[in-house]
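The block underneath contains the structure these notes are about, expressed in structure tokens.
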Amino acid sequence: MQAVQETRSTEVAASRPSLWLVITLTVVYFAGLAYYAGIRPLAGDEGFYVSASRLVWEGKAPYRDFVYHQGPLLPYIYGWIWALYPQSIVAMRMLSVALGTIAVGMWGVCLVWLKKIPGKIAIATFLVVLLNPYWISYHTTVKTPAIGNLLASAAMIFLYAGLRTGGSAW
């Protein structure tokens with residue numbers, strides 16, 4: 001029992017520098033995305049999602065009151081940003097930046113705390129996630145991938161944790 005506790009405390013102590021590196025890189029990622037979200041040109045269909053968010057905030061419902069070709073979650077999430085900062089696409093992009101940063105941070109923490117992956121490989125894998133050009137592009141626009149990446153990442157991480165610990169109900 002004592003040997004197991006010593007091994008766990010050694011593993012936690014060994015992962016602390018990696019965890020601080022992940023936190024630092026995640027903060028830098030947030031700053032970089034926030035800057036890029038402010039200067040990047042308008043994406044082709046980004047205005048459609050902004051309009052849908054505005055309409056939802058005004059009390060209209062997707063599919064019933066206006067045409068909307070995707071699931072209704074995005075306009076309801078981004079709608080409150082429209083209420084706080086009307087006509088500010090940058091403010092709405094900042095929500096995408098925040099959601100994307102949370103997803104990236106979750107991957108970093110998960111990879112560092114996995115005991116089956118050596119620290120250097122975990123950090124290298126985290127850098128691949130961090131520097132993925134599609135994530136950088138989509139986490140700076142008012143579109144569905146920022147929300148989708150966060151929810152899919154959370155689902156995969158929690159599923160892995162549940163299956164690994166045997167704590168899942170299924």
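The values are calculated or read from the model by the stated rules, or taken from the named source; none is laboratory data. Every value quoted in this text rests on a predicted model; they were computed, and no experiment measured them. Every residue, glycine among them, receives a Cβ derived from its backbone with ideal geometry; neighbour counts consider all protein chains shown. Note: areas computed on protein heavy atoms with side chains; ligands, DNA, RNA excluded. Shrake-Rupley method; radii C 1.70, N 1.55, O 1.52, S 1.80 Å.
D65: accessible area at probe 1.4 Å, nearest 10 Å²?
Using a 1.4 Å probe on the heavy atoms, I get roughly 70 Å².
Based on the Kirkwood radius over alpha-carbon pairs, what is the Stokes-Einstein translational diffusion coefficient of the chain at 20 °C with 1.002 mPa s viscosity, in µm²/s?
Working: Rh = 17.8 Å.
Value of D from the Cα-based Kirkwood radius: 120 µm²/s.
Determine the relative contact order of the chain: mean sequence separation of Cα pairs under 8 Å and six or more apart, normalised by residue count, in whole percent. Mind dumping the intermediate values first?
Numbers: 149 pairs, mean separation 46.9, N = 170.
Rounded, it is 28 percent for the chain.
Write down the accessible area per residue of the chain in Å², having rolled a 1.4 Å probe over the full set of protein chains.
On the way: 9930 Å² over 170 residues.
Averaged over the residues of the chain, the accessible area is 58 Å².
At 7 Å along Cα-to-Cβ for each site, give me the label-to-label distance between T24 and A91 in nm.
It is 3.5 nm.
Under a point spin-label approximation (7 Å from Cα along Cα-to-Cβ), what is the K120-R40 distance to one decimal in nm?
Those two pseudo-labels are separated by 3.3 nm.
Taking the alpha-carbon centroid of each part, what is the distance from segment 53-131 to segment 17-47 in angstrom?
Using only Cα atoms to place each centre, the spacing works out to 12 Å.
Per-residue counts of other Cβ atoms within 10 Å, averaged by peptide: what ranking do you get for 74-82, 51-59, 135-143, highest first? Please list the in-between numbers first.
Numbers: 74-82: 19.9, 51-59: 17.6, 135-143: 21.6.
The packing order, highest mean first, is 135-143, 74-82, 51-59.
Heavy atoms only, 1.4 Å probe, whole protein assembly: order I121, I147 by accessible area, highest first.
I121, I147
Mean Kyte-Doolittle hydropathy of 1.0 or higher plus an axial Cα length of 30 Å or more: which whole DSSP H helices in the chain meet both? It would help to have the intermediate numbers written out before the result.
Numbers: long enough: 2-39 (55 Å, 0.62); 89-113 (36 Å, 1.84); 144-165 (31 Å, 1.09).
Helices meeting the span and hydropathy rule in the chain are 89-113, 144-165.
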